[in-house]
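Asks: First the structure, then my questions, so here it is.
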Amino acid sequence: MIRLQNVSKTYRTDKVETLALKAIDLHVRPREFVCIMGPSGCGKSTLLNLIGLMDRPGSGTILVNGAPVSSYQDKHVARLRNDTFGFIFQSFHLINDLRVIDNVELPLLYRSMSSSERRSRARAALEKVGLGARMDHYPNQLSGGQQQRVAIARAIVGEPKILLADEPTGNLDSKMGEEVMDLLLQLNAEGTTVVMVTHDEREARRAGRIVRVFDGQLVYADAHAEAAEAA
Amino acid sequence: MIRNYLLTAWKVFMRRKLFTAINLACIVLTLIVLMVVTALLQNAFFPTGVEGKSERFVQMIMFQSSHTEKGGRRSGTLGYKLIEQYLKPMKGVEAVSASAFPESVSVYQQDRVSELLLRRTDTEYWHILDFKVLAGRVLNADDLAQGRFVTVLNQTTARKLFPGQAAVGQKFSAGGQTFTVVGVVEDAMQLNAFADAWAPITTLPSTEYKDKLFGQFTAMILARRASDLPAIKQDIMRIAKTVQYDDPNTFNVARFWGDSKLELFSRTLMMSETEDSGAAKVVAVIVVLMLLFMALPALNLINLNVGRIMERSSEIGVRKAFGATSRQLVAQLVLENVLLCLAGGALGLLGAAGALAWLESSGLIPYLKVDLNLPVFAYGLLITLVFGVLSGVVPAWKMSRLDPVHALKGNA
């Protein structure tokens with residue numbers, strides 16, 4: 001589904017050059033639940049952003065469904081993000097000026113779809129995350145857990161093949177974090193591929209595969225993962 | 001999608017009310033000034049109403065005389081003889097008029113004295129200019145031929161001299177002559193029409209004016225079609241070469257030009273003494289000044305908009321992450337700007353209409369009658385849209401090119 005081949009990423013400022021990722025090879029298969037773990041600053045989020053085409057690699061190749069995306073134009077990458085990926089961010093990134101329902105509709109705005117269908121899909125996504133009664137609220141009228149569930153509804157409304165979640169429980173208390181994790185596991189069980197960055201070992205153990213990053217490189221903690229990667 | 005854009009735009013405007021108000025004020029004030037200036041310029045150079053035929057007449061005020069050998073030189077206004085003898089016989093034109101510059105005369109009425117601007121004209125003058133007659137009639141050929149002491153007043157003067165009474169048929173004394181009012185016309189402020197009262201040329205106290213090449217007259221030459229004007233202008237320059245002086249030892253070369261209203265203004269401003277009146281340069285200067293005047297608020301708007309768009313980098317990042325293309329984002333952000341500018345444009349139009357109405361009623365420019373007509377509205381709309389695009393497209397394009405991850409972090 002997604003394959004990273006010898007991918008590296010370097011951040012440059014005027015004086016400093018930081019190697020964020022070095023020669024990463026990673027294959028994410030359909031229906032997997034992959035957890036990316038590692039200490040702060042090791043490159044987990046950078047890796048997730050590269051998988052989701054949110055950033056460009058310095059070198060190496062990213063293949064989506066077998067095709068390299070480096071030669072894609074802006075509109076093709078945008079189409080791929082819209083069709084294939086759903087994003088969940090640690091700090092939610094909801095648009096506070098828009099109602100919950102309008103936030104959830106956002107990915108569908110960039111598809112040719114009638115407004116009534118958009119509205120009905122957004123409503124269904126909100127029902128799925130248990131926020132059917134909060135459609136007309138504004139994000140800042142909701143708790144952190146509810147906001148993250150709105151973000152999940154927004155991520156799944158377009159029925160993406162892969163859900164990318166960057167520490168989705170990082171800003172939540174344990175109970176709300178648990179609820180969000182349950183939701184992601186449920187979506188994975190229904191067939192959506194999930195790639196999640198987390199610090200929480202307990203959460204990671206609930207996932208199917210753990211990928212560990214250290215100093216910008218992949219290190220495999222368990223033989224199962226290494227064997228899977230080599231396959 | 002448009003609904004979502006409009007909703008977002010409305011929320012953004014309302015979230016930062018002060019910012020929106022500053023943006024709007026910037027646009028409105030600039031537009032008011034620009035539109036008032038354009039309306040006044042249009043009124044001056046391409047008027048409707050009394051000088052509505054200006055697109056097919058040329059006018060002449062200045063006349064230059066020199067001597068090829070002795071170096072004598074004189075520049076002055078036209079004399080009646082020049083118009084009568086050299087211009088009136090022109091072929092292929094509809095009419096040639098002569099009118100004196102307005103002279104200040106004192107009007108004595110019982111216990112008060114008023115100052116009036118009296119203009120002496122021929123009958124062609126009334127054919128070329130479209131005065132709106134409110135009462136009575138304008139001057140006719142018999143008035144001229146018989147030297148009748150009759151006059152036409154404008155509305156304000158009629159009210160001033162004869163408050164509460166019908167002016168037609170009334171008599172008054174001006175400059176030692178007694179005139180009978182035969183008509184009242186609507187007030188007009190255009191150059192050729194400007195006066196408080198009009199009387200036949202033949203009422204001038206002396207007939208000396210008939211023998212002078214230099215004098216206090218102005219001529220208008222009306223073409224049958226606007227397309228005839230270039231040939232008429234050439235003909236006028238040809239006629240200048242045929243002028244005969246009473247004393248060829250003083251002057252033996254005459255030069256004069258037929259100018260449109262804009263050309264006459266440019267010739268006077270640039271002191272041009274050639275066939276080229278300098279109108280193109282004047283128009284270029286006006287356009288550059290207008291662009292400069294627009295550039296300052298536009299730069300300010302760009303600055304404000306960069307701040308506004310940077311502030312929304314998270315939203316831009318989210319939209320990109322969920323599939324918005326750079327082009328769609330630019331369209332959204334520019335649409336917001338265009339909406340703001342159109343709102344500013346609408347307010348600016350109202351403000352400009354108010355400012356012009358105030359200018360008309362204040363008497364700062366006597367007899368000014370100016371409307372916000374369709375061309376001025378079109379200029380305003382165009383200027384507004386240029387504002388919208390200029391101030392939105394640069395920051396929007398810059399932000400839209402960012403990778404989503406950088407936009408989400410606000411790393412513009």
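Asks: Would you mind stating whether A:S114 is surrounded by fewer than 22 Cβ atoms within 10 Å (Cβ to Cβ), more than 9 Å from chain B (Cβ to nearest Cβ) and among the small types (G, A, S)?
Replies: When the stated conditions are applied, A:S114 passes them.
Asks: Is there a residue in the stretch B:252-273 that is under 21 Å from B:A193 (Cβ atoms) and over 23 Å from the mean Cα position of the chain (by Cα)?
Replies: The answer is no, given that none of the residues of the stretch B:252-273 is under 21 Å from B:A193 (Cβ atoms) and over 23 Å from the mean Cα position of the chain (by Cα).
Asks: Here are the criteria: (1) at pLDDT below 85; (2) not in a helix (DSSP H, G or I). Tell me which single one B:V243 does not satisfy.
Replies: B:V243 satisfies all of (1) at pLDDT below 85; (2) not in a helix (DSSP H, G or I) except (1).
Asks: Within the stretch B:1-23, track down each residue that is in contact with a Phe, Trp or Tyr (Cβ under 9 Å, 6 or more places away or on another chain) and more than 9 Å from chain A (Cβ to nearest Cβ).
Replies: B:F13, B:F19, B:T20, B:N23
Asks: Only one of B:T77, B:T68 is in a loop (DSSP other than H, G, I, E, B), away from chain A (no Cβ under 14 Å) and in contact with a strand residue (DSSP E or B) (Cβ under 7 Å, 6 or more places away or on another chain). Can you tell me which?
Replies: B:T68
Asks: List, please: which pairs have Cβ atoms under 9 Å, are six or more places apart or on different chains, and start with a residue in the stretch B:317-343 that is away from chain A (no Cβ under 12 Å) and end with one that is outside any helix (DSSP H, G or I) and surrounded by fewer than 24 Cβ atoms within 10 Å (Cβ to Cβ)?
Replies: What qualifies is B:L333/B:R312.
Asks: For the stretch A:25-128, give me every one of the strands (runs of 3 or more DSSP E) that falls completely inside it and has 3 or more residues that are at pLDDT below 90.
Replies: Details: elements: A:33-37, A:59-64, A:85-88.
It comes to none.
Asks: Sort out which residues of the stretch A:54-68 are closer than 13 Å to A:V7 by Cα and more than 10 Å from chain B (Cβ to nearest Cβ), and write them in order of number. Let's see the steps before the verdict.
Replies: As a first pass, look at the stretch A:54-68 and keep what is closer than 13 Å to A:V7 by Cα: A:55-63, A:68.
Within the stretch A:54-68, A:P57, A:G58, A:S59, A:G60, A:T61, A:I62, A:L63, A:P68 qualify.
Asks: Go through (1) crowded, with 22+ Cβ neighbours inside 10 Å; (2) more than 9 Å from every other protein chain (Cβ to nearest Cβ) one by one and return the number of the condition A:F85 breaks.
Replies: (2)
Asks: Quick one: what pairs do we get from the stretch A:93-104, first residue over 12 Å from B:N4 (Cα atoms), second of a type in the set (S, T, N, Q) and surrounded by fewer than 21 Cβ atoms within 10 Å (Cβ to Cβ), C-beta under 6 Å, 6+ apart or different chains?
Replies: As it stands, the answer is A:H93/B:S314; A:N96/A:N140, since those pairs meet every condition given.
Asks: Exactly one condition in (1) assigned by TED's automatic domain parsing to the domain that holds B:T38; (2) surrounded by 15 or more Cβ atoms within 10 Å (Cβ to Cβ) is not met by B:W257; state its number.
Replies: Condition not satisfied by B:W257: (1).
Asks: Which of the residues that make up the stretch B:316-335 are surrounded by fewer than 24 Cβ atoms within 10 Å (Cβ to Cβ) and charged (D, E, K, R)?
Replies: If the condition is that a residue be surrounded by fewer than 24 Cβ atoms within 10 Å (Cβ to Cβ) and charged (D, E, K, R), then B:R327 is the only one that fits.
Asks: Then there is this: Go through the stretch A:133-158 residue by residue and tally those that are more than 12 Å from chain B (Cβ to nearest Cβ) and either touching a Ser or Thr at 6+ places or on another chain (Cβ under 8 Å) or of a type in the set (G, A, S) (or both).
Replies: 6
Asks: Which pairs turn up if I take residues in the stretch B:119-131 that are without any contact (Cβ under 8 Å) to a residue 60 or more places away in the chain and surrounded by 22 or more Cβ atoms within 10 Å (Cβ to Cβ) and look for partners that are in a helix (DSSP H, G or I) and of a type outside the set (A, V, I, L, M) with beta carbon separation below 8 Å, at least 6 apart in sequence or on another chain?
Replies: As it stands, the answer is none, since no pair meets every condition given.
Asks: So if I check each of B:E311, B:E273, which one is without any contact (Cβ under 8 Å) to a residue 40 or more places away in the chain and out of contact with any Phe, Trp or Tyr (no Cβ under 7 Å at 6 or more places or on another chain)?
Replies: Values: B:E273 fails: without any contact (Cβ under 8 Å) to a residue 40 or more places away in the chain.
Being without any contact (Cβ under 8 Å) to a residue 40 or more places away in the chain and out of contact with any Phe, Trp or Tyr (no Cβ under 7 Å at 6 or more places or on another chain) holds for just one of B:E311, B:E273, which is B:E311.
Asks: Where residues in the stretch A:98-108 are within 10 Å of A:G158 (Cα to Cα) and within 10 Å of chain B (Cβ to nearest Cβ), which of them is surrounded by the most Cβ atoms within 10 Å (Cβ to Cβ)? Spell out how you get there, then give the answer.
Replies: Applying the first criterion (within 10 Å of A:G158 (Cα to Cα)) to the stretch A:98-108 yields A:104-108.
Checking which are within 10 Å of chain B (Cβ to nearest Cβ) leaves us with A:105-108.
On the way: A:E105: 25, A:L106: 24, A:P107: 31, A:L108: 25.
Going through the qualifying residues, I end up with A:P107.
The values are calculated or read from the model by the stated rules, or taken from the named source; none is laboratory data. Worth saying up front: this structure is predicted, and the values here are computed from it rather than measured. Counting neighbours? That spans all protein chains shown, and the Cβs are built from the backbone with ideal geometry, glycine included.
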